[in-house]
Amino acid sequence: MPIPSTLLIFPAGIDGTQAYAQTARQLGAAVIGATSVPLDHAPAHCDALITLPFITDTAFAAAFQDAIARHGITHVLAPHHGVWWHLRQLLDQGAGAAFELCGQHPFQAHWDTFQPHLAWADQACEDALAQAVAGARAAAPMSRLQYASLHRGFLRTPGETDEEKLLALTAIARLLPQGDVVEIGSLYGRSAYALSRLAQHYGIGSTLCVDPWRMEQIEDQGPAAQNLYDGRKLINLDHVFAQFCATACEAGAMGYIRAPSVDAIHAYRTAAQHGQLHNPELPPIAIQGRIALLHIDGNHRLDHVVQDIATWAPSLIPGGWLLLDDYVWTYGDGPQRAGDALLQGNEYDCAFTASDTLFLRRRLP
């Protein structure tokens, strides 16, 4: 599709058009909003706002064509199904100035957007990883639409965990014993969102996220990752933390300890003694004091990874899983060296990699 020089969004007040408008602006297009109902001001994603008659008004066609000519409109985004259909009919009649009607009928567009979630769900339903783990009895998989829902919420959450790793998470969730799900390093909470949804579905336990979310407590991750460390000045971790809390509210049964990993273990043990963890922004969550899944995704420098393992892995119960994120990492080999040391021992009886992550199961009795 040719890049629009001027995009009209009509009706401009419908949500969901912001991303489309932002992309058009980034490509150099002007964005004009149109409305048939009174609005106090132009929506933030529009450069200007014009008024058009209702599509049922006999004056609409002439007013619309005048707007096309007067503002040099080349493309029209119509997020309302009635407006889309009316404009499609105007185009089919071939009367007046030509314009490009962006996208399909809104109902079809929503279905097309949902299709990738269903396609991923089909993979999750067919995945045989859970049954392939030696000595494991897997719980039943989720339904297709439950997996689609998980995938949709996962992708709506910012983060770097990919769909391949999500497939592995859905598989091992079916194998987990009861206990706490603990994640070291959560940022926006994408992987934690998935873990929490899965843990609730299978009755495993609460999800606890450990992250300082404070710039003064961020340390470098080694020479190869220096550009990541230097770029931290562009990051507002209070903004990230606010978005994490919103994710936690949506996921449910999810809490946090806002501290470095080595300090957070004390708060975890205290919460386990009381059986609950309280956060000001979130409902309290139950804490069992025994870890069913430990996802280590904090500082990737070797000494930090080793320290995270030494601090938290003693609470990982037999049959529980330890995940080392970025075992395959462009910016260093801390997680790989730490993981290889674990592979040489006899504490873990099953191991595989998915995406960039090493999955290890603590040896069963």
Number of positions in the range 4-31 that are over 21 Å from Ala63 (Cα atoms) and not in a loop (DSSP other than H, G, I, E, B): 9
Gly339 at pLDDT below 95 and surrounded by 19 or more Cβ atoms within 10 Å (Cβ to Cβ): no
Residue in the range 133-145 that is assigned to a helix (DSSP H, G or I) and either in contact with a Cys (Cβ under 8 Å, 6 or more places away or on another chain) or surrounded by 15 or more Cβ atoms within 10 Å (Cβ to Cβ) (or both) present: yes
Members of the range 306-326 that are buried (at least 22 other Cβ atoms within 10 Å of the Cβ) and more than 24 Å from Pro177 (Cα to Cα): Asp326
Filtered residues of the range 83-105 (kept if over 39 Å from the mean Cα position of the chain (by Cα) and either closer than 14 Å to Thr56 by Cα or outside any helix (DSSP H, G or I) (or both)): Leu90, Gly94, Ala95, Gly96, Ala97, Ala98
From Arg361, Arg301, residue being under 23 Å from Val133 (Cβ atoms) and in contact (Cβ under 8 Å) with a residue 60 or more places away in the chain: Arg361
Number of the exception - Val328 against (1) assigned to a helix (DSSP H, G or I); (2) among the hydrophobic types (A, V, I, L, M, F, W, C); (3) at pLDDT below 95: (1)
Residue check for Gly275: at positive phi, free of Cβ contacts under 8 Å to residues at least 24 places away in the same chain and not aromatic (Phe, Trp, Tyr): yes
Pick from the range 65-101, criterion under 12 Å from Phe10 (Cβ atoms) and in contact with a Pro (Cβ under 8 Å, 6 or more places away or on another chain), ranking: surrounded by the fewest Cβ atoms within 10 Å (Cβ to Cβ): His80
Members of the range 146-170 that are part of a helix (DSSP H, G or I) and among the charged types (D, E, K, R): Arg152, Arg156, Glu163, Glu164, Lys165
Filter pass, Arg301 being at pLDDT 95 or above and either surrounded by fewer than 17 Cβ atoms within 10 Å (Cβ to Cβ) or not aromatic (Phe, Trp, Tyr) (or both): no
Answer from Gly332, Gly339, Gly345 - the residue that is out of contact with any helix residue (DSSP H, G or I) (no Cβ under 9 Å at 6 or more places or on another chain) and among the small types (Gly, Ala, Ser): Gly345
Residue in the range 106-119 that is outside the structural domain of Ser355 (by TED's automatic domain parsing) and either more than 27 Å from Ala21 (Cβ to Cβ) or touching a strand residue (DSSP E or B) at 6+ places or on another chain (Cβ under 6 Å) (or both) present: yes
Elements of type strands (runs of 3 or more DSSP E) in the range 182-301, at least 1 residues being assigned by TED's automatic domain parsing to the domain that holds Glu163 and either within 23 Å of Arg152 (Cβ to Cβ) or in contact with a His (Cβ under 7 Å, 6 or more places away or on another chain) (or both): 207-210, 254-257, 282-286, 291-296
Single condition His274 does not satisfy, out of (1) out of contact with any Lys or Arg (no Cβ under 9 Å at 6 or more places or on another chain); (2) crowded, with 22+ Cβ neighbours inside 10 Å: (2)
Trp120 buried (at least 17 other Cβ atoms within 10 Å of the Cβ) and of a type in the set (A, V, I, L, M, F, W, C): yes
Which listed residue is surrounded by 15 or more Cβ atoms within 10 Å (Cβ to Cβ) and at pLDDT below 95, from Gly255, Gly179, Gly222: Gly222
Residue list for the range 342-365, restricted to those being among the aliphatic types (A, V, I, L, M), buried (at least 16 other Cβ atoms within 10 Å of the Cβ) and within 27 Å of the chain's Cα centre (by Cα): Ala354, Leu358, Leu360
Residue within the range 74-87 that is in contact (Cβ under 8 Å) with a residue 12 or more places away in the chain and farther than 19 Å from Gln108 by Cβ present: yes
Hey, Ala130 at pLDDT below 95 and touching a strand residue (DSSP E or B) at 6+ places or on another chain (Cβ under 9 Å) or not: no
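The values are calculated or read from the model by the stated rules, or taken from the named source; none is laboratory data. Predicted, not measured: the structure shown is a model, and the values here were computed from it. Don't worry about glycine lacking a Cβ; one is built from the backbone with ideal geometry, like all the others, and counts go over all protein chains shown.
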